[in-house]
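Reviewing the structure listed below.
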Amino acid sequence: ALTPVDWSTIAPAHDHRLESQFDWTRRPLEAEAAKPWLVCFDRGQSYFATWSGLVLGMGAPEHHQGPVTFDEKRAGWWRITIPDNTVDGHRQALPYPDLLDPDGSQAGRDRWVTTPALGYAIRALGIPAPVVHEAWVWPKERCARVLDPLYKRLKPALAALQAMQVG
C-alpha cells in the first residue's frame, strides 16, 4: 500500500519546469488520493513502454549536498549544471530531443533532472557525467523495478485487446 510522504520540503517534487516538455501528469483528484492504491493508464500506451525496467523509490527520498556521485541505480532527482550542447554556436546533431535541454535554453543553468533522463543522456548520448550539486535520492535498498510484474501481466492483455479491435 502507499505510504504518505511529506513532499513539502523536497524542492524538485514541486518544480513544474522539471522535464516539462515530457510531463503530462496531473495531481490525483480528492477521491483518488483517498484510495490506498491508484493505477492510471494512458490509452495510447506511450508511458506503458517505460514501465519495464523503470526503477522507482519507495518511501521518502534522502537529501544529499554535493558534490554527489551520480548512480543510475538510485531513483531520484539530481541538480546539475546543464551542459552546453553547441559547437561553434550551433546545436549539435544529437538524437532529438536533447533530454537535458529540449528547447536549447538551459545550458549553463543549474536544473533538476531525473535519474532516467540523466542516465540515458550519459549512457546513450555520450554526455560526460556532470558534477551533481545536490540530490534527492532513495537509497539502493529502497529502489526497485516495482512495475515489472504488472507490466508483464498487462502487455499480453493489451496485445490481445488490440488484436480483437483490429479483427
Give region 12-47 a look and list any residue that's at pLDDT 80 or above and in contact with a helix residue (DSSP H, G or I) (Cβ under 7 Å, 6 or more places away or on another chain), or say none. none
Search region 127-146 for residues being open to solvent by 40 Å² or more (accessible area, probe 1.4 Å) and touching a residue at least 60 places away in the same chain (Cβ under 8 Å), and hand back the single one that is nearest to ASN85 (Cα to Cα). VAL131
Could you look through region 102-126, keep only residues that are open to solvent by 20 Å² or more (accessible area, probe 1.4 Å), of a type outside the set (D, E, K, R) and part of a loop (DSSP other than H, G, I, E, B), and pick out the one that is nearest to ASP15 (Cα to Cα)? GLN106
Just checking, which of THR50, THR9 is on the phi < 0 side of the Ramachandran plot, open to solvent by 70 Å² or more (accessible area, probe 1.4 Å) and at pLDDT 85 or above? THR9
I'm checking my understanding of the structure. Among residues of region 130-150 that are modelled with pLDDT of 90 or more and in a helix (DSSP H, G or I), which one is nearest to PHE70 (Cα to Cα)? LYS140
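The values are calculated or read from the model by the stated rules, or taken from the named source; none is laboratory data. Just so it is clear, the model here is predicted, and its values are computed rather than measured. Neighbour counts are summed over all protein chains in view; Cβ atoms, including those assigned to glycine, are modelled from backbone coordinates with ideal geometry. Heads up: the accessible areas ignore ligands, DNA and RNA and are worked out on the full protein's heavy atoms, side chains in. Shrake-Rupley method; radii C 1.70, N 1.55, O 1.52, S 1.80 Å.
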